[in-house]
Each structure stands twice: as C-alpha cells, then as structure tokens.
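This report refers to the structure that appears directly beneath it.
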Amino acid sequence: MDRFYECFGEVEDPRADNCLHDLLEILFIALLASLCGARNCSEMAEFGEAKEGLLRSVLTLAHGVPSHDTFSRIFRLLDPLAFEAAFRSFTAAFARTAGVAKPKGVVAIDGKALRRAYECGQAHMPRVMVTAWGAATRMTLASRLAPEGNEAAAALQLIGLLQLKACVVTADALHCHRAMARAIVEQGGDYVLAVKANQPALLRDAEAALAAAPAAPAGTAEKAHGREESRSAVVAVAGAMAVKHDFPKLCAVARIDSRRGDDPPVSRYFLLSRRWPPERLLGIVRTHWDIENGLHWTLDVALDEDLARSRKDHAPANLAVLRRLALNIARAHPDTKTSLRRKLLRAGWDDTFLFDLIRHMR
C-alpha cells in the first residue's frame, strides 16, 4: 500500500474539492479488481461491493464503496500522461522489490488497436496503444496512446522515457526512420529496425550491400503446432549508408529468409546499429514477436481488451495502462507454472492469494 500511495500520490485529482471518495482508494480498488479479472468500471464497482469487508481491512472507505459512475468519471478525467508516469514509477519500484532484473536485451515497440474503443461511426479508426515491452522480464515498461493514431510519434515519446543501456530496441518498418534511430542511440540503446518499401532508398541500398557481401548465412529450423519453419540470416556491413542517409549509428544490414512448409520463402530486411552474428540476429528478431504472444494476446484472452467499450475522453488510455499494470503484477508472482488467466481467477476466489500478488507493494 505504501509503495502504491507513494507512486500514485503524485497523480492530480481532476474532481472538484467537494468529492466524497479518496482518489487513491478508488485507484487501488480498480487495481485489485483488475487483478481479479474485472474488465470495466461496472465490474470494478461490483468487486468493491463483494469485497467490502476485505477492503475495509486496508482502506478507510469513509463514504463506502464508489459506484461504477465514480470509477468511470475518474478514468475519463485523469490525466493519462500523469497516470502513465505513475505506472512507470510503480513498475520500477515493484520490480526492484520483487527481485525482477532491470530491463536488458530486447525491448520491443509495437502498437495494439483498442478495437472497441471508438465513437459512433468511427469503427474504422479505433484508438491505438503503443507499448514498450521488456522481453527478458516479460513486463510492460511504458505505454502511450498514439496521438491521432500516429504510432510513430507515440513510439518516439516512449523511447524518450526509457533508459536503454544494454538494450536492443526492435520495431517494425513503421518506425524505421532516422528520428527513431537517433532517439534510441541518445538513450544508450542499440536497434534492429525492419525496413520495407516505405523507405525505398534505404531498402535499395540494403539489398545492394547484401548482394555484394560474401554469403555466410546461419539458419534454424523448427517444428511445432503441426508446421515446419526454417529461417536463415545474412549480415553485411552497411558501408557508407549511415552518412548517405543520415541514419545514426547504422553499422550493418541484414536479410532473414523464412519458409513455412511448402510455402514460397519470404525475405525481410533490417537495419542494425551493431554487426551481430547471424545466429544472434535470428534470436533478436524472433524475440521481438514475444510482444504479440506475451502481451497483446494475453490482454485479449485474460482481460478481454479487444471487447472493452470504454471510449469517452481519457478512459481508453487510462484503463489500458491499468490492465498492463495488473499483468505486470501477476507476472511477477513466483508461480511460473500457473497461467495468467488462472492467476486472475484464483485472485478473485482466494483473498490470501490476492494479497500475495501485491505483497511487494507494502
């Protein structure tokens, strides 16, 4: 509790001075409810009523349990930047207490559409949440709602919030531009950025450099889920590309050829800030996709994020951050054999386990 209050106490209460319920108590109940699988403000209020006796053992609740309208109003009005900053502060403090190592290795940047968080008539343009994912710790490091759907701008904001020493930032071709490379280097990190036809000059020069390089590919082969897939990688020196394209720290280019079953092979190209061996590069690129399986898929399966209809004001961004915080806490629990979904279910059934999840907050 003390750690939670210390980190989230900096978030300004957006309500009038005569409000009844304490802001930090509302946020704490919302977090506990999310750890028990609550997916919206109505379910948070239902959780509070069902667990009022338990909550009163740690909270004052001078005016009882907040209603679902109170939860909704809070998340609509809270400043999302301040709330996300408190999330980062709490995640860092929680990780230290729980013995989770500092982020290193691959930090994957990717966006996820909040598919149901759209206003009437705007189903074609849902909000997009961009996340920095620590693949080694399997935790969300930071997240930001894309302004006007601009994922590239949100990703740049995220990079500016992180210390990237000993980290390799991976991102898809949307983020392959010199501003992203410069931001990563300034924060002390390295990068592996996919390059496609959206950067035709860079792609053309990367293809030429690889064609001129001696072929010394390294490969892997996997068989799982009823399919076989093979991958091979070639890495070549970038030559004068860094100067020609004003691309900070561009050191090498790479091509990964992958083939699944009898399908034709697919080639993907990358810009690298360091000349990694092909075997290492294959591991880095493979690890990038953990953000899809470890975060995006889990958010949809465990907390039904794709079905969340909260769409007014700042509610989509704030509730998305809350869901990621709940998953961070559940993942930090030492029981690695139980799925996240089962942990959330057990937290709802077993009060002792719920407080065991958050014991590092005290």
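The values are calculated or read from the model by the stated rules, or taken from the named source; none is laboratory data. Predicted, not measured: the structure shown is a model, and the values here were computed from it. These area figures cover heavy atoms from the full protein model, side chains too; ligands, DNA and RNA do not enter into them. Shrake-Rupley method; radii C 1.70, N 1.55, O 1.52, S 1.80 Å.
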Report summary line: Stretched fully, the stretch from Ala211 through Arg275 gains (0.36 nm per residue minus C-alpha distance, one decimal, in nm) 21.4 nm
Query raised in the report: Per the Kirkwood treatment, what hydrodynamic radius in Å, one decimal, follows for the range 220-362 from the mean inverse distance over all distinct Cα pairs?
Result: 19.1
Requested in this report: Take the alpha-carbon positions of the range 1-70, form their convex hull, and give its projected area averaged over all directions (one quarter of the hull surface) in nm².
Outcome: 4.8
Query raised in the report: What residue among Thr131, Thr91, Thr352 has the largest mean-square fluctuation in a Gaussian network model of the chain, using Cα springs under 10 Å?
Result: Thr352
Query raised in the report: Helix-derived [θ] at 222 nm for the chain: sum -39500 (n - 2.57) over DSSP H runs of at least 4, divide by residue count, nearest 500?
Result: -12500 deg cm²/dmol
Report task. Stick to the Cα atoms of the range 49-195, pair each with every other, and give me the Kirkwood hydrodynamic radius in Å at one decimal. Result -> 17.5
Requested in this report: Straight distance only, please: which aspartates and glutamates reach the Cα of Lys165 with their own Cα at less than 18 Å, same-chain residues fewer than 8 apart left out?
Outcome: Glu186, Asp190
Requested in this report: Step through the table entries Lys196/Lys244; Lys51/Lys112; Lys104/Lys249; Lys104/Lys196; Lys112/Lys343; Lys312/Lys337, compare each Cα-Cα distance with 29 Å, and write down the pairs that go over it.
Outcome: Lys51/Lys112; Lys312/Lys337
**Report entry** log₁₀ of I(q)/I(0) at q = 0.12, 0.17, 0.18 Å⁻¹ - the range 156-209, Debye sum with one point per alpha carbon
**Finding:** -0.28, -0.53, -0.58
Report task. Using a Gaussian network model of the chain whose springs link C-alpha atoms within less than 10 Å, name the residue from Pro80, Pro264, Pro214 with the highest mean-square fluctuation. Result -> Pro264
Query raised in the report: Across the range 111-122, in residue order, what do the Karplus-derived ³J(HN,Hα) couplings come to in whole Hz, using 6.51 cos²θ - 1.76 cosθ + 1.60 with θ = phi - 60° and x for Gly and Pro?
Result: x, 9, 6, 8, 4, 9, 8, 9, 6, 4, x, 10
Report summary line: The alpha-carbon center of the range 31-90 and that of the range 191-206 are separated, in whole Å, by 45
Report task. Determine, at each q value in 0.14, 0.15 (inverse angstroms), the log₁₀ of I(q)/I(0) that the Debye formula gives when each Cα of the chain is one equal point scatterer. Result -> -1.15, -1.27
Query raised in the report: Which residues' amide hydrogens lie under 5 Å from the amide hydrogen of Val195, considering only partners 5 or more residues apart or on another chain, with H built in the peptide plane?
Result: Tyr269, Phe270, Leu271
Query raised in the report: For the range 264-362, what % of the accessible area comes from carbon and sulfur atoms, probe 1.4 Å?
Result: 53
